[in-house]
Structure formats: C-alpha cells, structure tokens
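The structure under discussion appears below in the form of structure tokens.
Just so it is clear, none of the values below were taken in a lab; they were calculated from the coordinates. Bear in mind that the values here come from a model prediction, so they are computed numbers and not experimental data. Glycine also receives a Cβ, built like all others from the backbone with ideal geometry; neighbour counts cover every protein chain displayed.
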Amino acid sequence: MEEVFTGTFTQQEPIPEAGIAAAVAVMRHGRLHRYNTTPGEVPEVAALEEEFAASVGAAYCLAVASGGYALATALRACGVGPGDRVLTNAFTLAPVPGAIASLGAQPVFVGVTEGLVIDLDDLAAKAGQADVLLLSHMRGHICDMDRLVALCEAHGLTLIEDCAHTMGAHWRGRPTGCWGRMGCFSTQTYKHMNSGEGGLLISDDAEAMARAILLSGSYMLFDRHRAAPPPEAFAQLKYDTPNVSGRMDNLRAAILRPQLADLDRQCARWNALNAAVDAGLAEAPGLTRIDRVEAEGFVASSYQFLLLDWPGDAIDAVLARCARRGVELKWFGAAEPQGFTSRYDSWHYAPATPMPETDRVLRGLIDMRLPLTFTPEDCAQIARIIRAEVGAVWQAGVAAQ
Ligand SMILES: *Cc1c(COP(=O)(O)O)cnc(C)c1O
C-alpha cells in the first residue's frame, strides 16, 4: 500500500516548562517592560542579551521586536540612509530587501550558486556599487566566510549578517553573526528559538551597538543594559539618534532563555532530521542534493534540493503528487510568489537586472520545513515519498526531454 505521511510541517514543539514558568512569573509581577525594574533586579531581557552574547562570543547584544527590525536597525546603525544602495542576496526572503527598502535605500541583488550560497564572483563584480553588504545565510547555507570577508575588506564593504536561519551555526567554528560589523537573528516562531516574534542583534563595535540601542527606544535608560557598551559610547550619540521604538519585552525574553540554554541539543536534533532526509534521497534519479563542505557548521531546520532544468509542469506534478501523500514542498520557481517563497523579481520596488544562472537555480529549487515535532523515522518516510514521486515524474518523461 502507498505510504502517506500524516505529520504537520508547521507544528512547533511546545515552549519548555521552565520558559512557561518564567513567563508566568513575569505576568504575576507585571513588569513586562524591559526598563521597569526594581532596585537590583536583572530583568529577563537584559539577562537574555547577556546570555546570547556569551553564547556566540560577541561583546554586545540587543534584543528587539523582530528579526526584520534587527536588520533595519543594523543597517541604520551602520550608516545606511535614503538613496543608498545595499548589496544583498537574490535568494532570500522578503524581510531582507524589505529592511533595506524601509530606510529608503535600494537593494542590489547578488546571485546564488547551485550550492545555494551567495555567488562570490557576482559579489566581486558588483562590490563597487555599494558600501554595505547585507548577507543572508538563507536556509542555513553558509558561503566560504573566509573568502567573503577578504572580499569585503578588499572592496571596503561593511558586512551585516542576516542569521535568521543560522542561529547555532558556524563557519570553521566561528558562529555566524560574528564575521562582520553586526549580526541579526530572529526568534520568530519558524526559526531556531520561538517567542512568536522577536529579534537579536550582536556586535563587537561599541559605536554601532550604542546607536542600535538608542534606535531601539532606550530613552536615556541605556545604563540598564548589561551586554552594552560603556556609557561613554552614548555620550554624543544620544543627542543625534532618533528613537525608532522596537524593544523586546520581558515576557518573550523569559520564554527564550530556557530555549537558548537548550539550543545546542535542538540543533543536533535538527541535523539528525536533515541527515535522515538526505540519506533517503542519495542517488535519487533526476534530483540534485546540495553539497556541504566540512567548514560549514550548519543547522538544518529545513531541507532543499534541486530539480535542475526540469520543465515547470513536471515540477508542478511532483509538488501535487507529494502533497497528495502528505509531503508539503515549496517551490521557488513558481510564476507567482506564494506563501513565503517570493523571488527577487517579485519585489517590484527593487529594480533588478536579470541573472540567468540564478534564475536557473531558483527555477529548480524545492524547499521543505523540518520541524522538531518530526522524528528521524518520519524524515526517512518523507524521503521515500519524495524519491518515489520525483522518480515517477522523471521516468514519465523529464529525462527524455
Ligand atoms: C524570518 C526571516 C527574517 C526576519 O525575521 P522576522 O523575525 O520574521 O522579522 C529575516 N531574514 C530571513 C531570511 C528570514 O527567514
């Protein structure tokens, strides 16, 4: 009999009991605002910032209202303003070009390789067009960070990292987010820690972080931060930096701290799910898996593969056949943006020059979530279904075309 998968691709695990208890304590005392503290109290938000900074080895950390807010704040703190051009990935999600556009700046898209990382040759060719690169580690695929940083240095590019998909990940042992001037993380429900909405910003740069803290809406209470630069760093900036309110509150921080303490274990679980899918798709005809290199310490909370050069109707058929058997796949090549999959050419506010190599990759790119409510056995079953359905469509004619 034909197997059907019955799990739900959008079901998260519950918040850990310790997080629920901490959240209830915050609700009982009522001081949800991060700056509403009693003498000597360390509020949840300041504690989270301190713990997150320590976990990645950053000097400073700021917790904010969302990942997208973290991106826009980082850009602004690094001096991006209206009319500026900012290099960023053509393969990313809408909040990334959106953060650039929110400042009145303009994204300049850089292509993607078949390995699903930023095309460093295209970056080198376009480096002269901007002063800042907002690098998105999209779907957890990490490019050669040594080469990327050398390129940024050679061209005088300020690097900001979007680590929405790489919390807990590293390149050669050094966490993502620590390679440029600022690193941005999201704690939105579909990411590696879940507070509904939320973001974290890290930096070793005192001036940029002081600016970010003031931007986030610290009023003159920045001395209540712990993972923050010393008061001198704010002395002049506090007169010059607008308040663009976007703080995190103690309730969200309370549920995040136990998740942070457990992050390494969760990352290992995600990678076990990823490994189960990947093993099940080995040597599957017609399908291209993504190669990963030793230096890439990835955390795979989703899985991608390519149906390179397949006609669109055949890809549609694979998606429909898998869906019928309970396996929810998303396609970055669909004509119209759907769900979370939009493409650089769907963002009409940001003019883009066609990139044929990038288009070829995106036209074949299939994406699947792997929530931690799945088991490795679930993932093996999902792989069997994908393998069978891709194989059936492949044999029915794609191979012959
Ligand atoms: C989710 C996401 C963001 C933004 O995070 P939010 O917390 O949802 O604002 C940024 N970049 C990428 C690649 C994302 O997937």
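Quick notes on this structure:
- Max mean-square fluctuation residue, GNM over the chain, Cα-Cα springs under 10 Å, options P356, P337, P95: P356
- Sparse-neighbour loop sites [GluC sites (Glu not before Pro); region 1-93; at most 10 other C-beta within 10 Å; DSSP]: E2
- Derived value for region 263-398: Kirkwood hydrodynamic radius 15.9 Å. Basis is the mean of 1/r over every pair of different alpha-carbon atoms.
- Proximal lysines relative to K238, as straight alpha-carbon distance under 17 Å, when same-chain residues fewer than 8 apart are discounted: none
- Taking 20 Å as the straight-line reach from the Cα of K126, none of the lysines fall in range once those fewer than 8 positions away in the same chain are excluded.
- Separation between Cα centres of region 333-383 and region 1-44, rounded to whole Å: 29
- Relative contact order %, the chain, counting alpha carbon pairs below 8 Å whose residues are six or more apart: 22
- Top of Y239, Y219, Y349 by mean-square fluctuation, Gaussian network on the chain, Cα under 10 Å: Y239
- Legend: Rg and Dmax of the chain, from Cα coordinates, 21.6, 74 Å.
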